[in-house]
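One structure is given here, and the rest of the page talks about it.
The values are calculated or read from the model by the stated rules, or taken from the named source; none is laboratory data. This structure is a prediction, so every number in the text was calculated from the model and none was measured. Cβ placement follows ideal geometry from the backbone for every residue including glycine, while neighbour counts extend to all protein chains displayed. Side chains included, ligands, DNA and RNA excluded: accessible areas come from the protein's heavy atoms. Shrake-Rupley method; radii C 1.70, N 1.55, O 1.52, S 1.80 Å.
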Amino acid sequence: MAVFLKEGKAQGEIKENDEKISQIVRDILRRTEREGDQAVRELSEQFDNWSPPSFRLTEEQINHIMQAVPKQTLEDIKFAQSNVRRFAEIQRASITDVEVETLPGVVLGHKNIPVNSVGCYVPGGRYPMVASAHMSILTAKVAGVKRIIACTPPIQGAIPETTVAAMHMAGADEIYILGGIQAMAAMGIGTETIDNVDMLVGPGNAYVAEAKRQLYGRVGIDLFAGPTETLIIADESADPEFIATDLLGQLEHGPTSPGALITTSRAIADQTVMEMERQLKTLATADIAGTSWEEYGQIIVVDSLEEALKEADRLAYEHVEIFTENPAYFLENLTNYGALFLGPETNVAYGDKVIGTNHTLPTKGAARYTGGLWVGKFLKTCTYQKVTKEASVCIGEYAARLCQIENFSGHTEQALLRIRKYGGKISK
């Protein structure tokens with residue numbers, strides 16, 4: 001039986017805050033629809049104190065930035081992007097077009113067609129998310145997207161040069177220094193100077209995530225993203241220092257980032273609590289990580305690994321690290337997660353920044369029905385059919401009778417017309 005040693009905030013309190021954010025976003029999107037560029041500029045001034053002559057960077061500005069970024073930083077970005085590109089290319093190669101003759105004269109197939117245009121959001125603020133450029137822009141590029149635009153906010157009134165370098169290296173066709181809801185509105189709705197896109201991707205704060213949610217339908221999105229989530233499953237063999245370090249390393253994302261430990265060992269649970277307290281005394285981001293742990297942290301003690309599996313699938317967290325003697329058990333049996341990290345040798349930071357898997361992942365239980373961002377998200381699998389005259393007569397007879405069952409006379413006539421034209425006999 002699962003015992004909750006620590007629980008996070010009640011869902012009702014979280015929902016109330018979400019509703020306030022939803023109204024703010026709704027008002028801004030409506031304003032952008034009415035006022036276009038003027039609204040975007042005024043919002044950028046209001047929230048970021050940023051109003052350049054043009055939000056879009058010129059080729060000259062980008063070249064200057066590339067010269068200004070330290071060589072080692074560029075090399076590190078190149079290393080990370082090569083890993084992301086390599087894995088994305090392998091994924092793309094696994095997705096194939098098909099064409100098959102299912103019946104004599106009946107050819108069916110599907111093509112995987114890239115989305116025509118994508119807007120990628122790369123967060124800034126306290127944590128300029130350079131890696132998000134690799135995960136979104138580069139993955140879209142590998143998928144074959146024709147037009148990729150990218151937005152990132154200014155940081156303290158300045159262009160985030162390292163982020164821009166990563167966006168450029170990843171293959172962005174247009175780069176805008178523009179943040180928050182106004183960036184999502186500009187890309188999703190369009191303005192006089194920014195053509196709208198077909199799809200929006202990338203992580204962001206609660207306001208950016210809500211903007212994506214409200215724009216969904218007008219445009220496609222990668223997934224509904226909330227605050228980052230991290231779960232660690234541990235048995236008695238786990239090291240509490242690893243557990244605490246890896247939880248705090250993700251809790252620092254924001255003050256509402258959930259973190260959880262599921263363990264078969266009460267001793268490991270107690271030692272982890274002490275280790276968390278010790279590390280929070282020296283962690284530079286303890287103000288945020290500590291708040292997340294206090295308000296959104298959970299510790300669940302279970303009787304067996306089977307019960308741990310059940311609780312983990314119930315939580316359906318974004319990141320799941322496995323610190324057990326047999327991590328393969330969870331690889332084989334766990335079904336609800338965004339990304340899985342098997343053994344203490346790896347960790348979420350590797351996935352977030354450099355190893356090659358994508359860091360844009362499902363949160364808020366969405367892992368129950370979707371995976372994270374990958375090349376397949378940028379592809380539309382579209383079917384087609386080709387039929388000979390003889391096959392059309394054969395299929396038409398079945399189609400006519402089936403359409404009549406449903407009282408669709410117009411549908412029925414589509415089939416009967418072909419039977420008549422192609423020399424078939426209409427059954428009574």
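Numerical summary
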quantity: Condition check for Thr152: free of Cβ contacts under 8 Å to residues at least 40 places away in the same chain and in contact with a helix residue (DSSP H, G or I) (Cβ under 9 Å, 6 or more places away or on another chain); calculated: yes
quantity: Criterion violated by Ile77 - all others in (1) modelled with pLDDT of 95 or more; (2) surrounded by fewer than 16 Cβ atoms within 10 Å (Cβ to Cβ); (3) β-branched (Val, Ile, Thr); (4) over 26 Å from Gly188 (Cα atoms) satisfied; calculated: (2)
quantity: Cβ pairs under 6 Å, 6+ apart, first in segment 399-428 and free of Cβ contacts under 8 Å to residues at least 12 places away in the same chain, second open to solvent by less than 50 Å² (accessible area, probe 1.4 Å) and of a type in the set (Ser, Thr, Tyr); calculated: Gln404/Thr412
quantity: Pairs, first within 14 Å of Val375 (Cβ to Cβ) and touching a residue at least 24 places away in the same chain (Cβ under 8 Å) in segment 90-109, second basic (Lys, Arg) and open to solvent by 80 Å² or more (accessible area, probe 1.4 Å), C-beta under 9 Å, six or more apart; calculated: none
quantity: Residue satisfying condition, being open to solvent by 80 Å² or more (accessible area, probe 1.4 Å) and under 30 Å from Arg86 (Cβ atoms), within set Thr381, Thr363, Thr370; calculated: Thr381
quantity: Filter result for the condition that a residue is farther than 28 Å from Ala131 by Cα, more than 41 Å from the chain's Cα centre (by Cα) and assigned to a loop (DSSP other than H, G, I, E, B), over Ile419, Ile426; calculated: Ile426
quantity: Answer from Val40, Val106, Val100 - the residue that is surrounded by 12 or more Cβ atoms within 10 Å (Cβ to Cβ) and over 21 Å from Pro153 (Cβ atoms); calculated: Val106
quantity: Residue match in segment 53-70 (condition: in contact with a strand residue (DSSP E or B) (Cβ under 6 Å, 6 or more places away or on another chain), without any contact (Cβ under 8 Å) to a residue 40 or more places away in the chain and part of a strand (DSSP E or B)); calculated: no
quantity: Identity of the residue in segment 391-405, open to solvent by 60 Å² or more (accessible area, probe 1.4 Å) and within 29 Å of Thr96 (Cβ to Cβ), that ends up farthest from the chain's Cα centre (by Cα); calculated: Cys394
quantity: Residue check, Ala183 small (Gly, Ala, Ser), out of contact with any Phe, Trp or Tyr (no Cβ under 8 Å at 6 or more places or on another chain) and in contact (Cβ under 8 Å) with a residue 40 or more places away in the chain; calculated: no
quantity: Selection count where residues are free of Cβ contacts under 8 Å to residues at least 60 places away in the same chain and of a type in the set (Gly, Ala, Ser), scope segment 293-335; calculated: 3
quantity: Pair list, Cβ < 6 Å and 6+ apart or interchain, from segment 372-398 residues that are touching a residue at least 60 places away in the same chain (Cβ under 8 Å) to residues that are part of a helix (DSSP H, G or I) and small (Gly, Ala, Ser); calculated: Val375/Ala88; Val375/Ala143; Phe378/Ala140; Phe378/Ala143; Leu379/Ala143
quantity: Unmet requirement for Cys120, which otherwise passes all of (1) surrounded by fewer than 13 Cβ atoms within 10 Å (Cβ to Cβ); (2) in a strand (DSSP E or B); calculated: (1)
quantity: Output for segment 125-170, where each listed residue is open to solvent by less than 20 Å² (accessible area, probe 1.4 Å) and assigned to a loop (DSSP other than H, G, I, E, B); calculated: Val145, Pro153, Pro154, Pro160
quantity: Of all residues making up segment 157-204, the number that are acidic (Asp, Glu) and either touching a Gly at 6+ places or on another chain (Cβ under 8 Å) or over 18 Å from Ala133 (Cα atoms) (or both); calculated: 3
